[in-house]
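Data first, discussion second: the structure below is written as structure tokens.
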Amino acid sequence: MDISLKYRIVEKIIQSNDEILLNEIKSLVGLSEGDFWAELPAEVKQAVNKAKAELDRGEGIPHAQVMEEMKNRYLNR
């Protein structure tokens with residue numbers, strides 16, 4: 001492999017803020033501590049996948065809204 005290609009790859013990694021991409025690279029090069037996903041029960045995996053699908057369809061509640069509701073419920077008594 002060409003050394004300049006390696007440097008371009010390293011440069012892209014350094015400039016990236018994409019946590020998913022960086023975690024995938026970490027796993028790919030063998031730096032990950034372990035794949036917790038493989039150890040999860042099937043029911044938990046199904047629940048996570050269902051929640052992700054709901055978010056992809058726009059059915060989730062924004063974090064800021066949840067935090068505001070929790071503050072109002074528990075801190076403004």
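The values are calculated or read from the model by the stated rules, or taken from the named source; none is laboratory data. Quantities reported herein were computed from a predicted structural model and do not represent experimental measurements. Ideal geometry is used to build each Cβ from the backbone, glycine not excepted, and the neighbour counts take in all protein chains shown.
Residues in the stretch 1-17 that are acidic (Asp, Glu) and exposed (fewer than 10 other Cβ atoms within 10 Å of the Cβ): ASP2 only.
The listed residues are LYS71, LYS45, LYS50, and the only one of them that is closer than 30 Å to ILE25 by Cβ, surrounded by fewer than 11 Cβ atoms within 10 Å (Cβ to Cβ), without any contact (Cβ under 8 Å) to a residue 40 or more places away in the chain and not assigned by TED's automatic domain parsing to the domain that holds ILE25 turns out to be LYS50.
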